[in-house]
1. Would you tally the residues in the stretch 93-111 being over 14 Å from residue 46 (Cα atoms) and in contact with a helix residue (DSSP H, G or I) (Cβ under 7 Å, 6 or more places away or on another chain)?
2. When the residues of the stretch 196-226 are filtered to those that are touching a residue at least 40 places away in the same chain (Cβ under 8 Å) and within 17 Å of residue 169 (Cα to Cα), which remaining residue is nearest to the chain's Cα centre (by Cα)?
3. Taking the options 78, 70, 31, 24, name whichever one is assigned by TED's automatic domain parsing to the domain that holds residue 98 and without any contact (Cβ under 8 Å) to a residue 40 or more places away in the chain.
4. Starting from residues that are modelled with pLDDT under 50 and surrounded by 12 or more Cβ atoms within 10 Å (Cβ to Cβ), keep the ones in the stretch 260-306 and report whichever is farthest from residue 131 (Cα to Cα).
5. Exactly one of (1) touching a helix residue (DSSP H, G or I) at 6+ places or on another chain (Cβ under 9 Å); (2) in a helix (DSSP H, G or I) is unmet by residue 13. Its number?
6. Scanning for something assigned by TED's automatic domain parsing to the domain that holds residue 198, touching a strand residue (DSSP E or B) at 6+ places or on another chain (Cβ under 8 Å) and outside any loop (DSSP other than H, G, I, E, B), does the stretch 229-249 turn up at least one residue?
7. Looking at residue 257, is it in contact with a strand residue (DSSP E or B) (Cβ under 9 Å, 6 or more places away or on another chain), at pLDDT 85 or above and either over 20 Å from residue 189 (Cα atoms) or surrounded by 20 or more Cβ atoms within 10 Å (Cβ to Cβ) (or both)?
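The values are calculated or read from the model by the stated rules, or taken from the named source; none is laboratory data. All values reported here derive from a predicted model rather than from experimental measurement. All Cβ positions, glycine included, derive from the backbone under ideal geometry; neighbour counts span all protein chains shown.
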């Protein structure tokens, strides 16, 4: 609705400006807005129709209690036959205009009804974590790639994405020196960037053997600099994932692996929120809060305390 049309609606007054105008003006404005006029001329005509009807109906015999204040809700509850009685009784509506006026007042009435809540189709969320069964299928998939290049890409992305929660931003800076295979468990140290601080993450999800297998395969890609494990761009990392042969029907992506890793942190109530955010390289717990609905049904989540010092406080056994 244009600014000029709104100005016409707010500035409208009946020509005679009778004494009940100050009582009916708020309802007239609401009805004209519900009508949705296309321009100022139609807005003025709709306001005139709305006022003439309300002025007639306010004191008519069709009201159960004419002494009470007329309201927008009462108008929405009217039977459509009341509009026909008004049109037939009215002296200002000509025969040629009756059809137009009937359409206008019925449209105001229809649009003043409470609208049912819009039911949107349920769409699977992108951050839904993988199930244990899906993880097992994908582990087999990356371990059985037909070429060494694909096997290397699958082993590294799976072990570092699911085992350490690294995403494309972390992987693009990762070098062989950042992985300590001698420690127990194996640890991965990320690089400090403008987006994230440096952090050391222990490898989990029993992915150390797959990581060693991926590291043992030399990279023959011209897009990977010497010493680095992945291309130096997020798109390059994602392109490595897209080259994998995946006939499982399960989505395989760095993002999905990281969400599953984050979910495993949430499920482990021994880890406090501060430590969890450090391991994930997060500055806000919003990504963790989004995963709370996926926690097991036997756990009751209180989201009001998610921002506390420990996520243990949010998970209460029933």
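1. Quick first cut of the stretch 93-111, residues over 14 Å from residue 46 (Cα atoms) only: 94-96, 110.
Adding the requirement that they be in contact with a helix residue (DSSP H, G or I) (Cβ under 7 Å, 6 or more places away or on another chain) leaves none.
Residues that pass the stated criteria total 0.
2. Here the residue is 196.
3. Values: 70 fails: without any contact (Cβ under 8 Å) to a residue 40 or more places away in the chain; 31 fails: without any contact (Cβ under 8 Å) to a residue 40 or more places away in the chain; 24 fails: without any contact (Cβ under 8 Å) to a residue 40 or more places away in the chain.
None of the others qualify; the one that does is 78.
4. Step one: of the stretch 260-306, the residues modelled with pLDDT under 50 are 298-306.
Okay, now just the ones that are also surrounded by 12 or more Cβ atoms within 10 Å (Cβ to Cβ), so 299, 301-302, 305-306.
Numbers: 299: 17, 301: 20, 302: 23, 305: 27, 306: 24 Å.
The residue in question is 305.
5. Here residue 13 clears every test but (2).
6. Restricting attention to the stretch 229-249, the residues satisfying the condition of being assigned by TED's automatic domain parsing to the domain that holds residue 198 are 229-249.
Then keep just the ones that are touching a strand residue (DSSP E or B) at 6+ places or on another chain (Cβ under 8 Å); that gives 229.
Now narrow it down to the ones that are outside any loop (DSSP other than H, G, I, E, B): none.
Within the stretch 229-249 (the criterion being assigned by TED's automatic domain parsing to the domain that holds residue 198, touching a strand residue (DSSP E or B) at 6+ places or on another chain (Cβ under 8 Å) and outside any loop (DSSP other than H, G, I, E, B)), the answer is no, since none of the residues qualifies.
7. The answer is no for residue 257.
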